[in-house]
Amino acid sequence: MTIDAQILSALRNAEDGSVSGGELSQRLGISRAAIWSRIEEMRSLGYEIEASPHEGYRLRNVPDVLHADDLLSRLGKTKVIGRDIRVFQETTSTNDVIEKLARDGVKEGVVVFAESQSKGRGRLGRKWVSPLRKGLWFSVLLRPDLRPQEAIQLMIAGATALARAIRDETGLSPEIKWPNDILINGRKVAGLLTELSAELDHVNYIILGIGVDVNLNASDFSSELRKLATSLKIEKGHSIDRASLAAAALRELDADYARITTGHFEAVSDEWEELCSTLGRNIGIRIGDRVLQGRAESLDSDGALLLRTQHGRLERIIGGDVTVKK
Ligand code: BTN
């Protein structure tokens with residue numbers, strides 16, 4: 001962890017809310033003057049840190065900005081995901097940034113956040129609206145030891161982990177629409193875009209791109225989207241702490257990634273099935289020019305959807321656009 005992340009962690013975890021300069025200096029192995037200069041730097045970013053000669057430093061308020069050190073300090077220790085966090089004010093798409101890092105050989109687990117994206121993209125070539133500081137727009141680099149056909153497991157894990165984080169942070173009840181849309185009260189609040197580089201028999205790397213509409217207002221959506229999309233703020237009636245949700249999402253992703261890489265996908269898919277509003281429903285699914293109709297029965301062991309068609313055949317589906325029938 002960086003010095004700033006360690007200072008923030010110490011302030012957050014302080015028993016009576018404050019820590020003296022002397023204690024910080026001893027714990028971090030740097031001078032009191034160096035601590036002071038880091039505190040000043042954080043104040044300039046909007047962190048309200050009180051200093052008193054008797055009590056030491058106290059964290060009063062944090063700004064609504066994503067800051068890598070703050071995210072690291074909230075996240076604490078993880079196995080893989082979030083060991084390295086980078087925040088950009090603007091990018092084309094965080095998936096593009098991760099792709100470049102992947103090609104440069106950066107280790108798995110790196111996470112890139114952007115406060116806004118100029119070319120955010122969704123599944124099936126759709127545009128993903130990503131306004132400044134209103135959501136969580138981030139991507140994670142993974143290098144799992146999986147066959148390409150097993151890569152869908154990561155989408156399933158990503159959606160499950162994200163739904164759990166949203167539920168725990170907001171008290172709302174998210175549902176998953178296959179494969180990885182997160183809905184609240186029937187409207188989409190988050191989505192995942194998985195991009196893959198693979199050989200025939202193994203995955204080189206996977207980019208898990210996640211978009212969460214956190215603090216968007218109805219006016220931030222176009223009139224067509226307004227019928228289909230929502231935000232956590234709209235559903236809760238107040239703003240949500242983005243940094244806290246981001247840390248929760250990374251923690252849950254790390255836990256589910258560990259389940260997958262240790263051969264426990266079944267535990268993840270059982271949880272996914274409980275959260276999923278598509279299973280057991282009659283659906284239409286568009287795959288390119290084809291539209292299949294049938295009943296969504298279950299997931300198979302790789303995470304593909306098993307669809308019982310009108311003609312009684314069982315089709316294995318790995319991608320497409322689902323419409324749930326009333
Ligand atoms: C979907 O539901 O269609 C997937 C949306 C994925 C959006 C996220 S935002 C961060 C990352 N960067 C992108 O350009 N897309 C994903």
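Checking the condition open to solvent by 50 Å² or more (accessible area, probe 1.4 Å), closer than 20 Å to ILE182 by Cβ and either within 14 Å of the ligand (Cβ to nearest atom) or in contact with a Leu (Cβ under 7 Å, 6 or more places away or on another chain) (or both), which residue from VAL111, VAL129 passes?
None of the other options fit; the residue is VAL129.
If ALA157 satisfies all but one of (1) part of a helix (DSSP H, G or I); (2) in contact with a Phe, Trp or Tyr (Cβ under 7 Å, 6 or more places away or on another chain); (3) in the same structural domain as SER18 (by TED's automatic domain parsing), what's the number of the condition it fails?
So ALA157 meets the others, but not (3).
Residues to consider are LEU196, LEU141; find the one that is in a strand (DSSP E or B) and within 13 Å of the ligand (Cβ to nearest atom).
After ruling out the rest, the residue left standing is LEU141.
Quick check: anything in region 276-288 among the β-branched types (Val, Ile, Thr), in contact with a strand residue (DSSP E or B) (Cβ under 9 Å, 6 or more places away or on another chain) and closer than 25 Å to LEU146 by Cα?
yes
When you go through (1) at pLDDT 95 or above; (2) open to solvent by 10 Å² or more (accessible area, probe 1.4 Å) one by one for ARG242, which number turns out not to apply?
Exception for ARG242: condition (2).
From the list ASP181, ASP104, exactly one residue is surrounded by fewer than 17 Cβ atoms within 10 Å (Cβ to Cβ) and either modelled with pLDDT of 95 or more or within 9 Å of the ligand (Cβ to nearest atom) (or both). Which is it?
Only one candidate passes the filter, namely ASP104.
Return the total of residues in region 76-89 being modelled with pLDDT of 95 or more and either among the aliphatic types (A, V, I, L, M) or over 24 Å from LEU132 (Cα atoms) (or both).
Total meeting the criteria: 6.
I need the full set of residues from region 165-198 which are over 21 Å from LEU305 (Cα atoms) and either outside the structural domain of ALA151 (by TED's automatic domain parsing) or of a type in the set (Lys, Arg) (or both), in order please.
ARG167, ARG187
Counting only residues that are acidic (Asp, Glu) and free of Cβ contacts under 8 Å to residues at least 60 places away in the same chain, which one in region 1-50 is surrounded by the fewest Cβ atoms within 10 Å (Cβ to Cβ)?
Once the filter is applied, the top-ranked residue is GLU15.
Restricting the first residue to region 246-268 and requiring it to be at positive phi and not assigned by TED's automatic domain parsing to the domain that holds GLY211, which pairs with a second residue that is in a helix (DSSP H, G or I) and hydrophobic (A, V, I, L, M, F, W, C) meet a Cβ separation below 6 Å and a spacing of at least six or different chains?
Here the result reads none, with nothing in region 246-268 linked to a residue that is in a helix (DSSP H, G or I) and hydrophobic (A, V, I, L, M, F, W, C).
Which ranges mark the strands (runs of 3 or more DSSP E) fully within region 282-326 that have 2 or more residues being open to solvent by less than 20 Å² (accessible area, probe 1.4 Å)?
Correct list: 282-287, 290-299, 305-309.
Could you list, in sequence order, all residues of region 193-211 that are touching a Lys or Arg at 6+ places or on another chain (Cβ under 9 Å) and either without any contact (Cβ under 8 Å) to a residue 40 or more places away in the chain or among the acidic types (Asp, Glu) (or both)?
Passing the criteria: only ASP201.
Within the set of pairs 6+ apart or on separate chains, which have a first residue in region 298-310 that is at positive phi, a second that is open to solvent by less than 30 Å² (accessible area, probe 1.4 Å) and among the hydroxyl-bearing types (Ser, Thr, Tyr), and C-beta atoms under 8 Å apart?
GLY303/SER269
Any residue at all in region 74-94 that's part of a helix (DSSP H, G or I) and surrounded by fewer than 18 Cβ atoms within 10 Å (Cβ to Cβ)?
Among the residues of region 74-94, not one is part of a helix (DSSP H, G or I) and surrounded by fewer than 18 Cβ atoms within 10 Å (Cβ to Cβ), which makes the answer no.
So, of the residues in region 114-126 that are more than 8 Å from the ligand (Cβ to nearest atom) and at pLDDT 95 or above, which turns out to be nearest to ALA14 (Cα to Cα)?
Only one residue fits best here, namely GLU115.
The values are calculated or read from the model by the stated rules, or taken from the named source; none is laboratory data. Computed from a prediction, not measured in an experiment: that's the story for all the values here. Please note: Cβ atoms are built from the backbone with ideal geometry, for glycine as well, and neighbour counts cover all protein chains shown. Note: areas computed on protein heavy atoms with side chains; ligands, DNA, RNA excluded. Shrake-Rupley method; radii C 1.70, N 1.55, O 1.52, S 1.80 Å.
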